[in-house]
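I have placed the structure first, in the form of structure tokens, so that the comments after it can refer back to it.
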Amino acid sequence: MQGRLPHPTRPADRPLGSAWPGRVARILLRRGWRAAAALALAVGTAGAALAQGAAPPRTDGAAQTLAGRDDAAVRTLLEMRAAFQRGDAARLARLLPQVQGHALEPLAAYWALRARLDVASADEVRAFLMRWAGTYWEDRLRNDWLLLLGQRGDWPTLLAEAQAFRMADDPEVRCWVALARLERGLATPHEVAAGVRADWLAQRQAGQACAVAARRLLAAGALPAEVAWQRARIAAEAGRTAVARQAVELLDPAWGALAERALQQPQGYLDDKVTAVRPRTKEIVTLALIRLAAQDPEAAATEAAHPRWRAQLTPEEMGWVWGAIGKRAAQRLSERALAYFQRAGAVALPDDWREWHVRAALRAGDWADVQRAIALLSPAKQAETTWSYWQARALLASGRPADAEQARAVFERIAGPEGFYEQLAADALGRAVTLPAAPPPPTAAERAAVRANAGLQRALLAIELGLRSEGVREWHYEIALHTPGGLPDRALLAAAEWACERAVWDRCINTSARTRELVDIAQRYPLPWRELVVPRARAVGLDPAYVYGLVRQESRFVTDARSHVGAAGLMQLMPATARWTARKLGLNDFEPARVTDPEINVQLGTAYLKLALDDFEGSMALAAAAYNAGPGRARQWRQGPVLEAAVWIENIPFEETRDYVKRVLSNTTLYAAVLSGQPQRLSERLAPIGPRLSTARAPITDLP
């Protein structure tokens, strides 16, 4: 049975009608009776508002359509999405009339026009934008059209339409606008250079707009050549050869082939006797050494120390080379990583490289170098909670009273009940994690206003029809992008409450987490499937808070969630893991197709998690890392010195796994406070981590 929100207690003035429709609808939806579920929700929404004297919410047809539709419309929408994905514009045009008047007609119309946007007239596009003005799909199509206008060089239309682009979150659009302003004489190269530079350096792909704008600025002298080389170096380290080549060719098209050869076969390029006498040798050599560092940091260190390269490369170029070597060595948990970073000196490097400098210093226990490395991060990066916490720890390690006072001030600034380092900062101040008081629930007027939002109505409907990605995008647009700064806190709480009632838990959690001042822990850390999760966890000897902390991070309680690698269900089980665990449990009749069934998924997931936890001697951090990245990697990463758990976690080589472990453990601490009603400390879940003890039982060698 679907779980409910048991905390805080429902206010006495909250009408019964606001709760039962959601429960009834969830039961009906689980049985496939969508129309009946929709009717329950529509009646409940209107009834709850009317019960408190509020005007019935404007639905713009969404609730009525949801309640009165037949399955034919649903099939048509799903068929249209399939046609859109394969680029079948003709099929989309034929199907579009069948969903006229449906609540999701804006989405269907977007698919139909987007599929042939390159041949559509400006009048057709403007008619769509006017017909669906104010919706996500209007702004989504405008985004697509702006990119096309930039490619065509239609600067007047581009500049006119860009003013109405509400999301304004596409760097390629920003670069086209900068170029349009240049071409129309509305700005000078120096006036747009900073924005283009930031967008270009941050892009992971070889985008057209920012490259074209950068070429224009390079030619005008508003962007120095060093910026192009910086982009090429960042791309070389990340293995994005096309990006690096594009950047180099902006300086001279003749250098592109040479740069690509150096990146494809860096050791061969460096060994070539002609390399040292070629024109532009030092810049291309820098790229080759950086790429070699990504493949083999020790080989790159040997090359970088060679006299011929030390003589050719500038100190700035050598700093980038040693920075790349240090980063890759640190990711391999090499004890030489810190020495490599020290050879880089104080050269300005990308923040993500310098972060590995801090991690290497933490792993080495060199608190003085922790401070030096953090000081080399950008001011914005230094202010982040992660590096603020470690800066405070480094200050404490100095032993000086003035530094201890400064450290305490930092801990005070970042301490809080949510977040890994926020909880550790509270711990450093001697404070346990306690739950903040719940804010007043949304009023009838606040609920009615949110539920009258046609975009949110469409989003929920799309999600319930199986168009999850489209629904999620529209929901996010409405709460975060439609108006500058997003919805205010009270509206966010009302929207989150609505998503919770509809059991759309990911939208409930993510929406509530956007509030700035008002924190509703019941929304941010809900307890769906409590009657299933808690007994199952306890039956296998797991802390239910740990299971909830993991499920919240894995799936946000979306029962049919599937990852790009095939993990499925509440606990995101891989097919091989599910089969292996089923065999361990003696479930001979296990059918892989049932892995998304909540009862099966939780049974297998908790059993596997318990096996992993036992295999890693009770370490929640190691077991979480194994759950995400595989036990083989977790075993490899624990080799080396015995480390404070927070230091070990910060040094996890995979960014996804590092973030995952932090979130699972901080979630666990919060859920423990929710379930027990008692203050909690994250530090109690962070035992030191090192190699497997000789007294430990034999590992489960086939643990997947």
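The values are calculated or read from the model by the stated rules, or taken from the named source; none is laboratory data. This is a predicted model, so every value here is computed, not measured. Note: ideal-geometry Cβ built from the backbone for every residue, glycine included; neighbour counts use all protein chains shown. Surface accessibility is based on the protein's heavy atoms, side chains included, excluding ligands, DNA and RNA. Shrake-Rupley method; radii C 1.70, N 1.55, O 1.52, S 1.80 Å.
Just give me the residues in region 381-415 being of a type in the set (Gly, Ala, Ser), within 25 Å of the chain's Cα centre (by Cα) and in a loop (DSSP other than H, G, I, E, B), in sequence order. Before you say what the answer is, go through the steps one by one.
Going through region 381-415, the residues of a type in the set (Gly, Ala, Ser) turn out to be 383, 388, 392, 394, 397-399, 402, 404, 407, 409, 415.
The next check asks that each one be within 25 Å of the chain's Cα centre (by Cα); those that pass are 383, 388, 415.
Across region 381-415, the qualifying residues are ALA383, ALA415.
The numbered conditions (1) assigned to a helix (DSSP H, G or I); (2) closer than 26 Å to ASP71 by Cα; (3) open to solvent by 30 Å² or more (accessible area, probe 1.4 Å) are all true for LEU147 except (2). For region 662-694, taking the residues that are open to solvent by 40 Å² or more (accessible area, probe 1.4 Å) and in contact with a helix residue (DSSP H, G or I) (Cβ under 7 Å, 6 or more places away or on another chain), the one that is farthest from ARG552 (Cα to Cα) is identified as PRO688.
Any chance you could count how many residues in region 559-580 are touching a strand residue (DSSP E or B) at 6+ places or on another chain (Cβ under 9 Å) and either among the aliphatic types (A, V, I, L, M) or not in a helix (DSSP H, G or I) (or both)?
Total meeting the criteria: 9.
Looking across region 639-652, the residues that are under 24 Å from ASP702 (Cα atoms) and surrounded by fewer than 22 Cβ atoms within 10 Å (Cβ to Cβ) come down to GLN639, GLY640.
Within region 591-617, being surrounded by 18 or more Cβ atoms within 10 Å (Cβ to Cβ), among the aliphatic types (A, V, I, L, M) and without any contact (Cβ under 8 Å) to a residue 60 or more places away in the chain holds for VAL595, ILE600, LEU604.
From ALA120, ALA103, grab the single residue that is within 28 Å of ILE463 (Cα to Cα) and either open to solvent by 50 Å² or more (accessible area, probe 1.4 Å) or of a type in the set (Gly, Ala, Ser) (or both). Step by step, each of ALA120, ALA103 is checked, and only ALA103 is within 28 Å of ILE463 (Cα to Cα) and either open to solvent by 50 Å² or more (accessible area, probe 1.4 Å) or of a type in the set (Gly, Ala, Ser) (or both). Restricted to helices (runs of 4 or more DSSP H) entirely inside region 457-528, those with at least 2 residues that are surrounded by 24 or more Cβ atoms within 10 Å (Cβ to Cβ) are 468-476, 489-501, 505-512.
Among the conditions (1) modelled with pLDDT of 95 or more; (2) open to solvent by less than 30 Å² (accessible area, probe 1.4 Å); (3) closer than 14 Å to LEU292 by Cβ, the only one that LEU338 does not satisfy is (3). Look at ALA503 and say whether it is at positive phi and touching a Lys or Arg at 6+ places or on another chain (Cβ under 7 Å). Here the answer is yes, as ALA503 does meet what is asked. For region 87-97, the criterion of a residue being over 26 Å from ARG468 (Cβ atoms) and surrounded by 18 or more Cβ atoms within 10 Å (Cβ to Cβ) is satisfied by no position. Annotation note: of ARG583, ARG556, ARG552, the sole residue that is over 25 Å from GLU418 (Cα atoms) and either at pLDDT 95 or above or outside any loop (DSSP other than H, G, I, E, B) (or both) is ARG583. The residues listed here are ALA432, ALA375, ALA426; of these, the one that is surrounded by fewer than 22 Cβ atoms within 10 Å (Cβ to Cβ), of a type in the set (A, V, I, L, M), within 30 Å of ASN651 (Cα to Cα) and touching a strand residue (DSSP E or B) at 6+ places or on another chain (Cβ under 8 Å) is ALA432. Could you check, for region 638-648, whether at least one of its residues is among the charged types (D, E, K, R), modelled with pLDDT of 95 or more, more than 19 Å from ALA576 (Cβ to Cβ) and not in a loop (DSSP other than H, G, I, E, B)? So far as region 638-648 goes, no, none of its residues is among the charged types (D, E, K, R), modelled with pLDDT of 95 or more, more than 19 Å from ALA576 (Cβ to Cβ) and not in a loop (DSSP other than H, G, I, E, B).
Table: residues versus (1) part of a helix (DSSP H, G or I); (2) within 29 Å of the chain's Cα centre (by Cα); (3) in contact (Cβ under 8 Å) with a residue 12 or more places away in the chain.
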| site | (1), (2), (3) |
| --- | --- |
| ARG308 | yes, no, yes |
| ALA311 | yes, no, no |
| ALA346 | no, no, yes |
| LEU349 | no, yes, yes |
| ARG354 | yes, yes, yes |
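Exactly one residue out of ARG174, ARG184 is among the charged types (D, E, K, R) and either in contact with a Ser or Thr (Cβ under 9 Å, 6 or more places away or on another chain) or closer than 27 Å to HIS482 by Cβ (or both), and it is ARG174. May I ask you to verify whether GLU355 is closer than 30 Å to ASN510 by Cα, of a type in the set (D, E, K, R), crowded, with 21+ Cβ neighbours inside 10 Å and modelled with pLDDT of 95 or more? Yes, satisfied. If you check LEU396, LEU362 for being in contact with a helix residue (DSSP H, G or I) (Cβ under 8 Å, 6 or more places away or on another chain), among the aliphatic types (A, V, I, L, M) and open to solvent by less than 60 Å² (accessible area, probe 1.4 Å), only one passes: LEU362.
Can you tell me which residue among ALA262, ALA238, ALA222 is touching a residue at least 24 places away in the same chain (Cβ under 8 Å) and under 25 Å from LEU179 (Cβ atoms)?
Working: ALA262 fails: under 25 Å from LEU179 (Cβ atoms); ALA238 fails: under 25 Å from LEU179 (Cβ atoms).
Just a single option satisfies the conditions, and that option is ALA222.
Just need a number here: residues in region 618-641 that are touching a residue at least 40 places away in the same chain (Cβ under 8 Å) and within 25 Å of the chain's Cα centre (by Cα).
Number of matching residues: 9.
If I ask for residues that are hydrophobic (A, V, I, L, M, F, W, C) and within 14 Å of ALA329 (Cα to Cα), which ones from region 341-361 would you list? Working first, answer last.
Taking region 341-361 as the starting set, the residues that turn out to be hydrophobic (A, V, I, L, M, F, W, C) are 341, 344, 346-349, 353, 356, 358, 360-361.
Matches in region 341-361: PHE341, ALA344, TRP353, TRP356, VAL358, ALA360, ALA361.
Listed conditions (1) open to solvent by 20 Å² or more (accessible area, probe 1.4 Å); (2) small (Gly, Ala, Ser); (3) in contact with a Lys or Arg (Cβ under 8 Å, 6 or more places away or on another chain) are all met by ALA220, apart from (3). Where residues in region 536-584 are more than 16 Å from ASP597 (Cα to Cα), among the basic types (Lys, Arg) and open to solvent by 50 Å² or more (accessible area, probe 1.4 Å), which of them is nearest to the chain's Cα centre (by Cα)? Within region 536-584, the match that is nearest to the chain's Cα centre (by Cα) is ARG538.
Here ARG240, ARG166, ARG215 are screened, and the one residue that is at pLDDT 95 or above, among the charged types (D, E, K, R) and farther than 27 Å from LEU287 by Cβ is ARG166.
Got a sec? Which of ALA244, ALA209, ALA225 is buried (at least 24 other Cβ atoms within 10 Å of the Cβ), within 21 Å of ARG291 (Cα to Cα) and of a type in the set (Gly, Ala, Ser)? So that I can check it myself, show each step before the final result.
Numbers: ALA209 fails: within 21 Å of ARG291 (Cα to Cα); ALA225 fails: buried (at least 24 other Cβ atoms within 10 Å of the Cβ).
After applying the criteria, what remains is ALA244.
Filter region 655-700 for residues that are among the aliphatic types (A, V, I, L, M) and either assigned to a loop (DSSP other than H, G, I, E, B) or on the phi > 0 side of the Ramachandran plot (or both) and give the result.
At the first step, the residues of region 655-700 found to be among the aliphatic types (A, V, I, L, M) are 661, 664-665, 670, 672-675, 682, 686-687, 689, 693, 696, 698, 700.
Passing the criteria: LEU686, ALA687, LEU693, ALA696, ALA698, ILE700.
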